[in-house]
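Colleague: Please read through the structure below; I'll follow up with questions.
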Amino acid sequence: MTGTGEAWPRERVLGLAPDPASARAAEGLAAPSRWSHTGRHGDALWGSCAGSGSRPYQVLVDLSGPAWSCSCPSRKQPCKHALGLLLLAGDGRIAGAPALPPAAEAWLAARAERAGHAAPPAARASEALADPAAAAARAARRAERVRLGLEELDVWLCDQVRGGLAALQRAGYAPVDQMAARMVDAQAPGVAGLLRALPARFVGEGWPARTLEHLAMLRLLVAAHRRLDQLPADLAETVRSRVGYPVSRESVLARPAVRDSWAVLGYVDVQDLRLTTRRVWLRGQATGRWALLLSFAAGGAVLDGSVMPGVTLDADVHLYPGAGQLRGLLGTEDARTGTVGDVEGESVTRAAAAFGELVVADPWAERLPVVLRGAPIPPERDGGRWRFRDVDGAAVPLLAGVEAWQLLARSMGDPVEVMGEWTRDGFLPLGFLPHPLDPVFSPQVLTG
Amino acid sequence: MSDTVAARTTAPVSAWDELVTAALLGTERRTLPVDLPEPVGRLARARAERASALLDAAAGYAAYRHAGARPGSAPEPPPAPRQELDLAPGPAQRLLATLLSGPDTALVEEWLRACTARGLGVGPGLWAALATASASAVGPDRALVGAALGQRGRAFLATNPRWRPVAGTEPRSGVPARERPPQESRSAELTEEALVLVRVSRSLGRHRMVVDADRRRLRRAVEGADLDAWQRHTGLAPGPFLDLVAADAGQRAGDVVGALADATVAQRHAAWASALVRAGHVRPDLVGLVPVDAWGGIARDWVAGPDADRAALLLTAVPAPWGDDVADTALRHLASGRTSPAASRRLAPVLARRSPLTVRRAVGRLADQERAGSGVRGLADAEQVLAVRADIERTFDTPEETP
């Protein structure tokens, strides 16, 4: 990230929040009355915030990192005070200063020194590739471990179907977790992740069908991996990706770029046991292509908030290899604007067909980004599922448990453009267009 | 046999359903269906072992189902009314979002009053949060919420059974449902008359004017009044007030008034105080009958007394027309330094929430004293409340940002 010294838009700041409570608390702190001795110089922001302690908290933020420091006792990173200071700066309520105060100067100097000691990632990568023969041997050993692990999984899958899904459901998490751990040992983390998602299928109406489908998809992955050499190159890459073979960042960035004005239309954070995953969806205005930026945070680390809905990037996106692959990395970025243009929503029927095409290319595909035009329909009975109806009358159920009151308030029967994820189990709305992150609205609220 | 069961038993069972049943029971107990459609059937036949065959067939079937899925249909929803209100500026709505995430209902109500006074409405992004807050027992006033949502917002509330009481489609608990008078002018006339009579009723204790004719007139006027205007001007729910002027409840109120006639001033205050508070709540039915000149004394006694919680209750629960008098008096005592630090801590934030401008300035002075080391703490909260109040006014006057 370059040090432009520009204030960040609200959605970008709130995207850094470790949880919704921190975001709300930060908004409460984004009032000048809570702050004193504020200032900004270059990429640095500083201020004193009145808190519950006897002395105000000293807050420092380096926009170029981003990085922050606060004297409050909170373990959250960033804390509500750092977020509040960023919001205040975003509202233009922090005046520029001719020089850094001593505390900020010392902190930034310490950061710069630490950064100097860390070797750049590219240098580390080139060291790793210094011995190609050793790297090839490691890759071969890994492939063999994966193969053995997947053969073991195949036996386990057949055992479950032989004994009946009812028995699998009764046994609960333990045997599934055990097999997932075995897949981690076999260096197939993608398969381990798929297994860990299995127990979530054991509940609700229609659980046997969902469970069988999940097991069958795992079995298909095992079968595809056996024939990896015979598959078309794109599909083979997809299989490798689903199994969890690593793909280096450098190799993705070396792939041809898709150049476009990418409108950032939606995002969602998904919390697993230890890991939070952020999915950010981009749509190319010229090509009409979609791209997915993924970021992960474990153990209280901060998710990447550098690209959030409501902006358009003139940039290169490098897509990962694989059929139906939408995941990409952001390459060179030339310009960024704080708006997204109009996006024409499509019909439910067309979106269903597009998902079908994706499944043909990638049988394990779980979701497809779509912009639908239509209106939400509340359930007719308590506990029923919401639906999204297009202007032609075709409807798709929303994911079980999603209550779309916010969406209904915007629509009230009138058609609206909604960005969301089309999944095997229903539609997950993420935001309205053209304001995917309305200041008084967020996808978390929508889907919570 | 019921229709449902009959329908279920006669409905065709798909090959997919049969696969699921076989998997559920286990292939050791159940054979695979023989009539699987192609190419799924070919996948199943390629394996001799039943479990493998079932999984392969299920994988093919699942891909087939998702690749060729056709969406269902839904009937067109009924049209909603248009929104008649312009929306409050963005900064003001963001402030409301912040206030709704906090515990202070009074500040939310203050925001709503500022909004409706300008003839503006709340944007749909906040309707659900506002409705949820208002549906709770301690949430913001429902009439205010309904006014700020406009007719389209109220139609939205009616779509959710939990919010229907807020939308006014169901009467609020304890308030009898009433038809509004057909003619607006007559309603306004009766409202005005009712308000005059309330002022008369506030003097009942002082002048012993409990006259049946006035009671009947008041009842008639209140019943015909514009209930929103009535509540806005008096801070009283009309239901309990009507109960009060009815014979039984009125008699009890009359007893209180009568007992005060010959008492000393201090005794009057004490009597009113004990009558006003029951089980930790201020009785709204008696608030309207406390003589105007008694409020100051009651506040002084309470604030200077040992029970700060009771004083805070008084400051919180007494409706606006009388509350400002109480707040003024309480603040003077607080500023005089005669209250204990503990009482100051308890009362200052409450005062800040409901006090008019002059009181706000005085609370600000108290905060200065705190910073100067006077030992009075807890005023940071009061300052925060005052800052939010100032923000409410400022954000409504801030023009909408252009993107």
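Colleague: Taking the simple approach of a point 7 Å from Cα along Cα-to-Cβ for both B:R82 and A:V360, what is their distance in nm?
Modeller: 4.6 nm
Colleague: Okay, next question. Enter the per residue convex hull volume of the stretch A:348-447, computed from alpha-carbon coordinates, in Å³ rounded to the nearest integer. Present the calculation step by step, with values, prior to reporting the outcome.
Modeller: On the way: hull volume 9.8 nm³, N = 100.
For the stretch A:348-447, the hull spanned by Cα atoms encloses 98 Å³ per residue.
Colleague: Hand me the GluC sites (Glu not before Pro) from the stretch A:186-239 located in a DSSP loop with no more than 12 other Cβ atoms within 10 Å, in residue order please. Could you put the intermediate results ahead of the total?
Modeller: On the way: sites: A:E205, A:E213, A:E237; in loops: A:E205.
The qualifying sites are A:E205.
Colleague: Can you give the translational diffusion coefficient of the stretch A:10-117 in µm²/s, computed by Stokes-Einstein from the Kirkwood radius over Cα pairs at 20 °C and 1.002 mPa s? Can you show the working numbers first?
Modeller: Values: Rh = 13.8 Å.
The calculation lands on 155 µm²/s.
Colleague: Within the stretch A:202-236, name every residue whose backbone N is under 14 Å away from a label modeled 7 Å from Cα of A:R381 along the Cβ vector.
Modeller: It comes to A:205, nothing else.
Colleague: Kirkwood hydrodynamic radius, computed over distinct alpha-carbon pairs, for the stretch A:251-337: how many Å, to one decimal?
Modeller: Details: mean 1/r = 0.0747 Å⁻¹.
Radius from the Kirkwood sum: 13.4 Å.
Colleague: Describe numerically, in nm with one decimal, the distance between label points set 7 Å from Cα along Cα→Cβ at A:H37 and at A:L294.
Modeller: Placing both labels 7 Å beyond Cα along the Cβ direction yields 4.5 nm.
Colleague: Here is a further query. Under 8 Å for C-alpha pairs, at least 6 residues apart: give me the relative contact order for chain A, rounded to a whole percent. If you can, show how the numbers build up before the last one.
Modeller: Numbers: 769 pairs, mean separation 47.3, N = 448.
Relative contact order of chain A: 11 percent.
Colleague: Treat every Asp and Glu Cβ in chain A as -1 and every Lys and Arg Cβ as +1, leave all other atoms uncharged, and give the resulting dipole magnitude about the Cα centre to the nearest 20 debye.
Modeller: Details: 48 positive and 48 negative charges, 207 e Å.
Here the size comes out at about 1000 debye.
Colleague: Something else: Compute the label zone of A:L275 within the stretch A:220-261: residues whose backbone N is under 14 Å from the point 7 Å along Cα-to-Cβ.
Modeller: A:241-247
Colleague: Let me ask something else. Please compute the average number of Cβ atoms from other chains found within 10 Å of each residue's Cβ in peptide A:212-225. Provide the component values of the computation, followed by the final result.
Modeller: Working: counts 13, 11, 2, 5, 12, 5, 2, 7, 7, 1, 1, 4, 1, 0.
Average neighbour count from other chains, rounded to a whole number: 5.
Colleague: So for each of A:60-71, A:416-427 I average, over its residues, the number of other beta carbons within 10 Å; can you give me the resulting order with the highest mean first?
Modeller: Working: A:60-71: 19.8, A:416-427: 21.3.
Descending packing order for the listed peptides: A:416-427, A:60-71.
Colleague: When the helix-only estimate is applied to chain A (DSSP H runs of n ≥ 4, each -39,500 (n - 2.57), divided by the residue count), what is the mean residue ellipticity at 222 nm, nearest 500 deg cm²/dmol?
Modeller: -12000 deg cm²/dmol, from helical runs alone.
Colleague: Compute the Cα gyration tensor for the stretch B:86-167, then decide on rounded, prolate or oblate, letting a ≥ b ≥ c be the square roots of its eigenvalues: rounded whenever a/c is under 1.5, prolate when a/b is larger than b/c in the other cases, and oblate in all that remain. Display every interim value, and only then the final one.
Modeller: Numbers: a/c = 1.59, a/b = 1.16, b/c = 1.36.
Verdict is oblate for the stretch B:86-167.
Colleague: For the pair B:A69 and A:A135, what calculated FRET efficiency results from E = 1/(1 + (r/R0)^6), where r is the Cβ-Cβ distance and R0 = 41 Å, to the nearest 0.05? Present the calculation step by step, with values, prior to reporting the outcome.
Modeller: Details: r = 43 Å, r/R0 = 1.06.
It comes out at approximately 0.40.
Colleague: Looking at the stretch B:77-117, which trypsin sites (Lys or Arg not before Pro) are in a loop (DSSP not H, G, I, E or B) and have at most 15 other Cβ atoms within 10 Å? Provide the component values of the computation, followed by the final result.
Modeller: Numbers: sites: B:R82, B:R94, B:R113; in loops: B:R82.
Passing both the DSSP loop test and the Cβ count: B:R82.
Colleague: Picking from B:G121, B:T98, B:N160, whose Cα lies most toward the positive end of the charge dipole for the stretch B:86-167 (charges on Cβ: Lys, Arg +1; Asp, Glu -1)?
Modeller: B:N160
Colleague: Any idea how far apart A:D392 and A:D425 come out in nm if each label point goes 7 Å out from Cα toward Cβ?
Modeller: My value for the distance between the label points is 2.8 nm.
Colleague: Please compute one quarter of the surface area of the Cα convex hull for chain A and express it in square nanometres. Spell out each step's value before the answer.
Modeller: Details: hull surface 99.3 nm².
Dividing the Cα hull surface by four gives the mean projection, 24.8 nm².
Colleague: When the dipole is taken about the Cα centre of the stretch A:185-314, and only Lys, Arg (+1) and Asp, Glu (-1) are charged at their Cβ, what size is it in debye, to the nearest 20? Don't skip to the answer; put the middle values down first.
Modeller: Details: 16 positive and 12 negative charges, 43 e Å.
That gives a dipole near 200 debye.
Colleague: Just tell me how shielded A:380-388 is by partners: mean number of partner chain Cβ atoms within 10 Å of each residue's Cβ, no decimals.
Modeller: Values: counts 1, 0, 1, 0, 0, 0, 0, 4, 2.
If you average over the peptide's residues, the count of other-chain Cβ atoms is 1.
Colleague: Mind checking A:394-401 for the average number of partner chain beta-carbons within 10 Å of each residue's beta-carbon? Could you put the intermediate results ahead of the total?
Modeller: Numbers: counts 5, 5, 4, 3, 0, 0, 0, 0.
Average per residue, whole number: 2.
Each value in this text was obtained by applying a stated rule to the coordinates, not by laboratory testing. None of the values given here were measured: they were computed from a predicted structure. We place every Cβ from the backbone using ideal geometry, glycine too, and count neighbours over all the protein chains shown.
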